[in-house]
Amino acid sequence: MTTKPFCFVIMPIKNSATEFLWDKVYYPVINESGFVPERIDKEEDGSVIPKLIMEKIILDDLIIADLTLARPNCYFELGYAYGIPEKKDSQIIVCCREDHCSDSDNYNSKVHKVHFDFSWRNIIWWEEEKLEDFKAELASKINSRRKIIEREKRQPEEEGGETGRETGRETEQPYQTKDNLDLELEKRLKNAREEAVKNG
């Protein structure tokens, strides 16, 4: 049985400036678009949080990252997603509040901004007073990305090669087994710690 694909949301957690987006926008739009919405604080399986985040970024079919308030962990997680060889740009959507955009009349770089490394990305800007517009644009983007993701999954099969990761988690994953994924995550966490120590 084919299961729904998964979408992991990177965003500021439990902050009044953004928390309403989960219930009013991200969860319903993602769900209505045919994905299973996931957010790290909704998981209660006892996993170590950084490891669980990395696992979801690697395995989920789609990543949505909201850079509002410029939280360092959100930037780290988004950068990690872009750095995964198996993760294509078509699997990542970036959103942010409009006052972080340099073209906005409300922009103030001393208060909020999207940092340089991601400022050139095709960002969906949202305003609290225009959430319906944001929902419509996000839904359109998710649906167009889903078609691309499904087409990319079909290509190896049509070419007679291996299909790689299929829709849902019940089928074969890039790392084949959870033990292999755990080893890969441990290696990446160790490398990240060593880099942090080296860079002070």
May I ask for the equivalent-ellipsoid semi-axes of region 1-143, computed as the square root of five times each C-alpha gyration tensor eigenvalue and listed largest first in whole Å? 23, 17, 15
Could you put Y80, Y107 in order of accessible surface area, largest first, with the 1.4 Å probe and the full protein assembly present? Y107, Y80
³J(HN,Hα) computed for each position of region 80-91 - Karplus, 6.51 cos²θ - 1.76 cosθ + 1.60, integer Hz, glycine/proline x: 4, 4, 5, x, 7, x, 6, 9, 8, 4, 5, 9
Could you tally up the Lys pairs in region 67-156 with alpha carbons closer than 26 Å? Skip any pair fewer than 8 positions apart unless they're on separate chains. 17
Once fully extended, how much extra length lies between I49 and A136, figured as 0.36 nm per residue of separation less the alpha-carbon to alpha-carbon distance? 28.2 nm
Counting only DSSP beta bridges with both partners in region 1-118, the antiparallel fraction in percent, to the nearest 5, comes to 10
Which FRET efficiency value, to the nearest 0.05, is calculated for K147 and S16 with the Förster distance at 30 angstrom and r the Cβ-Cβ distance? 0.25
Förster radius 35 Å - calculated FRET efficiency between D99 and D41 (Cβ-Cβ, nearest 0.05): 0.90
What distance in nm separates the two pseudo spin-label positions at N122 and R154, each 7 Å out from Cα along the beta-carbon direction? 2.0
Cβ-Cβ cut-off under 15 Å around D99, Lys and Arg +1, Asp and Glu -1: the net charge is -3
Compute the signed sum of charges (Lys and Arg +1, Asp and Glu -1) over the other residues within less than 13 Å, Cβ to Cβ, of P12. 0
Per residue value of the accessible surface for region 1-103 (all protein chains in place, 1.4 Å probe), Å²: 41
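The values are calculated or read from the model by the stated rules, or taken from the named source; none is laboratory data. Worth saying up front: this structure is predicted, and the values here are computed from it rather than measured. Ideal geometry is used to build each Cβ from the backbone, glycine not excepted, and the neighbour counts take in all protein chains shown. Surface areas here come from the heavy atoms of the whole protein model, side chains and all, with no ligands, DNA or RNA. Shrake-Rupley method; radii C 1.70, N 1.55, O 1.52, S 1.80 Å.
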